[in-house]
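To start, the structure itself, in structure tokens.
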Amino acid sequence: MRVSRLPVLCAVLAACSVRPPVPGLEPVPVPDDVTVAERVETYPVVGGDRATIGAALHGTITDANGKHFAGLHSWHLTWNYQTHGEFAQCTIVRVTVTLTSTVTLPVWTHPSGVDSGLVLQWEQYLRALAVHERGHRAIAYAGAGRVIRAIRGVSDQSCAVIRNAVRAAVEPLVAAIRAEEAQYDLETRHGATQGATWLQ
């Protein structure tokens, strides 16, 4: 599942870094000159049977539309640039793009003596969920690369209007990231085709 706004409101949960990295959430290539801050947040899942775990998975995270999901990727994209002006003409001379990427995943500490098949199901499910959220992360990273290239490609403009020119170049690209994530969720059925379905 994706949540993407500008700025993005990240899920407010009991947050902690997951170490070692979650299987399936391997690093994503970062575009040249894009600064990325990656975060992994978690929320606890309790229970010793499939039904109880399933209830916890689908009752904790809520997106902006009030829908419940077990995992979440949220991002916040900012950009800055400097200009050099001569005779009221401005040239963009330095661009920085920063992307904050937060993946939220469940953590289950299984009770002593729980069925080993349930533990295996959890491990497979969590990996599939992480793979799905990694896909969202990859979309956002690629989009950040397009943003920095677009800003650099803005031609010399009147210093009075160059800000509008940058905005006109960037805003459609930010919208495109959101649209691509929505399409990704549609095609994967929010990760179901990747195995991120908890069977009760």
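All of the numbers you see were taken from the coordinates with simple rules; none came from a lab. Computed from a predicted model, the values in this text were never measured in an experiment. Every residue, glycine as well, gets a Cβ built from its backbone with ideal geometry; the counts of neighbours run over all protein chains shown.
List of remarks:
- A convex hull fitted to the Cα coordinates of region 54-143 yields 116 cubic angstrom per residue.
- Percent RCO, i.e. relative contact order, over region 84-200, from Cα pairs under 8 Å lying at least 6 residues apart: 38 percent
- Arg94-Ala138 FRET efficiency (beta carbon distance; Förster radius 25 Å; 0.05 resolution): 0.40
- Here r is the Cβ-Cβ distance between Ser155 and Glu187 and R0 is 35 Å; the resulting FRET efficiency, rounded to 0.05, is 0.45.
- For the pair region 82-118 and region 148-200, the centres of their Cα atoms are 14 angstrom apart.
- Arg39-Ala168 pseudo-label distance in nm [points 7 Å out on the Cα-to-Cβ vector]: 3.5 nm
- The chain - charge dipole about Cα centre, Lys and Arg +1 at Cβ, Asp and Glu -1, debye rounded to 20: 260 debye
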